[in-house]
Amino acid sequence: MVDDILVRALLDERLLPIEEPEADFPETPPGGVSLTVRGLTKAFGSHAVLQGVDLHVRSGEFLSVIGKSGSGKSTLLRILAGLDEPNSGDVLFDSLPRAHSSHVARLMFQEPRLLPWARVIDNVEVGLGDRRYEAGAERHALAKLAAVGLESRARDWPSVLSGGQKQRVALARALASRPNVLALDEPLGALDALTRMDMQTLVEQVWQEQGFTAVLVTHDVTEAIVLGDRVVLIEDGVVTLELDVDLPRPRRRGSPEIAALEEQVLRRLFSDAGYVAQGSSS
Amino acid sequence: MSESQITLEQPAAMDVLGASGPRLRHTVRRFLHSNWASWLVPAALLALWQLAAQLGVLPANVLPAPSEVVAAAWRLGANGELAAHIAISAKRAAIGLLIGGGLALAFGLVNGVSRIGERLTDTTFQMIRNIPNLAMVPLVILWFGIEDSARIFLVALGVFFPIYINTYHGIRNVDPHLVEMGRSYGMSRSELLARVILPGALPSIFVGLRYALGIMWLTLIVAETIAANAGIGYMAMSAREFMQLDVVVLSILLYAALGKLADSVARLLERATLQWHPAFQRVTKEG
């Protein structure tokens, strides 16, 4: 409510007279889509990165993917978002092949990747694609900026923002495209610990509001457990562990339940004894 | 520095009426921080020159006094001759820059974006680049005669390479991560070019432009001293024949002034278009 008033105030300053909000940019959340990954393989040259990944993600689920560097988790994410093509295997959105689906998948990169020569608001409008010239586009972009708490920085250049603020703008840009799937490739990896916790809360909050399916790749086991409905571990290009995180939100870091799950994942990660936790998927 | 400031200023701060010392120092400091300070050294040199000429240290047949050069400028300015020469030189420079710079921008763009374009033309450009453009003078005179087109050709040739190379490298150095981001958000090729690639290459293109402006005047000076019948270079050459040293010096100074003017315009453009760049921002970062 307050956000709405703020957005209007900002807008009034910029484009007068204000036009009636268009139905083209609905306020309703975009919602999620279920993901099915079957037998996915990908090799770069002779180096096999993914070696038959099978995965199912329910619509609106928050899936955390962890694994050591080079395990193929980023490649999996890039394929989900359509930036890379697999060598074989399928990616289905609600049982339709990715290419034929009208659902939107967005990737949030490790770096913010903002255009330094475009003001914050124009960077958010990049997320609108061809629709950024339509009436109501600016209002929509400003609303997304407000959703990440940066509406007051709309006219700033990205270079004056802090690392965390830049990543928030990147999140607003992704939200502006109304994604049904949001793939997050360690977007919080470069942030300091406190900013990181803020961002985790923000990501959880927009995910709950917008209802998209989220796939988060991270190195940080705690982050994976705090945010995920389920945690999967990828090792050498295959899924080796699936673990349901059946804890109420918002979750408290440092609670015994989280610590226990963390312990379980870490033991699996660092033991060669073949300890496999049967968390099972649903 | 700070310590000496404190010891000097403390007694002066108490002395309200006789505060001319620190006030002067304050004025001097303000002047040194203003844009005018960059003209301090040229002005001092000019004063020194005038003094040397008046004292006879500098004979008039070596270098006339600045006042005589100003008088020559006044004389030639009054009968419109000066303006005509400047206009002709400026026109040649502008047309040459437009043709050479335009082609350079186009080729730099195409070769920066497309491997095929680069393979087809870059080797040729790199070979031609190594020929000093003024070495072409005899050939150019044979091709174009002593018409204006010969001079414009030389200018265009001279400005082409710095703009081409810097455009090309600017485009090649655009962050591929940004291009990938643009693509992932569904930008078309032309959109990528307009919103990601060109803005990214712009700082580099400006570097090329400023280099090119220097070469533009250099080429023009030489080209205008060869068989021209108008222009600043011609003015200098014909003045030499009549031993009008003041006019010769005036022409040289005119080149300096025009060169500075062109560079200032380029800087203004740069500042206007690169506001986003931290190097051109006057707003300070918030804490």
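The values are calculated or read from the model by the stated rules, or taken from the named source; none is laboratory data. Since the structure is predicted, the reported quantities are computational estimates derived from the model, not experimental observations. FYI the Cβ positions are ideal-geometry reconstructions off the backbone, even for glycines, and counts take in every protein chain you see. Quick note on the areas: whole protein, heavy atoms, side chains included, nothing else; ligands and nucleic acids left out. Shrake-Rupley method; radii C 1.70, N 1.55, O 1.52, S 1.80 Å.
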Q.
So, in the range B:179-212, how many residues would count as being in a loop (DSSP other than H, G, I, E, B) and either more than 13 Å from chain A (Cβ to nearest Cβ) or of a type in the set (Lys, Arg) (or both)?
A. 0
Q: Test A:ASN87 against the stated conditions and say whether it is at negative phi and either touching a helix residue (DSSP H, G or I) at 6+ places or on another chain (Cβ under 7 Å) or without any contact (Cβ under 8 Å) to a residue 24 or more places away in the chain (or both).
A: no
Q) Got a number for residues in the range A:154-185 being touching a residue at least 12 places away in the same chain (Cβ under 8 Å) and either of a type in the set (Phe, Trp, Tyr) or open to solvent by less than 30 Å² (accessible area, probe 1.4 Å) (or both)? A) 22
(Q) So, in the range A:119-138, how many residues would count as being within 21 Å of the chain's Cα centre (by Cα), away from chain B (no Cβ under 11 Å) and open to solvent by 10 Å² or more (accessible area, probe 1.4 Å)? (A) 0
Q: Collect the residues in the range A:103-118 that are within 11 Å of chain B (Cβ to nearest Cβ) and over 12 Å from A:ARG173 (Cα atoms), keeping them in residue-number order.
A: A:VAL104, A:ALA105, A:GLN110, A:GLU111, A:PRO116, A:TRP117, A:ALA118
**Q.** Residue within the range B:157-169 that is in the same structural domain as B:ALA228 (by TED's automatic domain parsing), open to solvent by 30 Å² or more (accessible area, probe 1.4 Å) and more than 21 Å from B:GLY102 (Cβ to Cβ) present
**A.** no
Q: Working carefully through the options B:ALA256, B:ALA279, find the one that is assigned to a helix (DSSP H, G or I), within 14 Å of chain A (Cβ to nearest Cβ) and not aromatic (Phe, Trp, Tyr).
A: B:ALA279
Q: Please specify each residue of the range A:36-74 satisfying the condition of being open to solvent by 20 Å² or more (accessible area, probe 1.4 Å) and not in a strand (DSSP E or B).
A: A:GLY45, A:SER46, A:ARG58, A:SER59, A:GLY60, A:LYS68, A:SER69, A:GLY70, A:SER74
Q: Kindly indicate whether any position in the range A:88-102 is open to solvent by 10 Å² or more (accessible area, probe 1.4 Å), more than 10 Å from chain B (Cβ to nearest Cβ), small (Gly, Ala, Ser) and touching a Gly at 6+ places or on another chain (Cβ under 6 Å).
A: yes
Q) When the range B:229-242 is examined, which residues are found to be in contact (Cβ under 8 Å) with a residue 24 or more places away in the chain and open to solvent by 20 Å² or more (accessible area, probe 1.4 Å)? A) B:TYR234
Q) Among (1) more than 19 Å from the chain's Cα centre (by Cα); (2) within 14 Å of chain B (Cβ to nearest Cβ), which single condition is A:GLY82 missing? A) (1)
Q.
So the check is Cβ under 8 Å with 6+ separation or different chains; which pairs have a first residue in the range B:122-135 that's outside the structural domain of B:LEU103 (by TED's automatic domain parsing) and a second one that's modelled with pLDDT of 90 or more?
A. none
Q.
For A:GLU111, only one of the following conditions fails: (1) of a type in the set (Asp, Glu); (2) in contact (Cβ under 8 Å) with a residue 60 or more places away in the chain; (3) assigned to a strand (DSSP E or B). What is its number?
A. (3)
Q. Being aliphatic (A, V, I, L, M) and at pLDDT below 90, is that true of even one residue in the range A:26-38?
A. no
Q | Lone unmet requirement of (1) within 14 Å of another protein chain (Cβ to nearest Cβ); (2) of a type outside the set (A, V, I, L, M); (3) loosely packed, with under 14 Cβ neighbours inside 10 Å for B:GLU270 | A | (3)
